[in-house]
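The block underneath contains the structure these notes are about, expressed in structure tokens.
Taken together, the values in this text are just the output of simple stated rules run on the coordinates, not laboratory data. The model shown is predicted, which means the values in this text are computed figures rather than measured ones. Here the Cβ is made from the backbone with ideal geometry for all residues, glycine too, and neighbour counts use every protein chain on show.
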């Protein structure tokens, strides 16, 4: 009986050392990076989060965002870079026409 109790106690102790960190906030993080020469206005198409502006060279991170729908201005001078993903958006200067 004593041996069983010690085994259970050691198992509980080992389990407590492993921890259980959640990546929940990283799963819903939305990042905007402005690599362009222009200040970009980000306008959400949802009420989940508010609009903001991103200065050249600035990075803005938002947590707990589920809906990623947005538009941006100035759309004629700035575009999303090819390295952008669904949740990491990089704004670059638009190609000259």
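Annotations
- Filter result for residue 89 (part of a loop (DSSP other than H, G, I, E, B), in contact (Cβ under 8 Å) with a residue 24 or more places away in the chain and within 14 Å of residue 31 (Cβ to Cβ)): no
- Residue selected from the range 55-84 under the condition surrounded by fewer than 16 Cβ atoms within 10 Å (Cβ to Cβ) and touching a residue at least 40 places away in the same chain (Cβ under 8 Å), by the criterion nearest to residue 41 (Cα to Cα): 77
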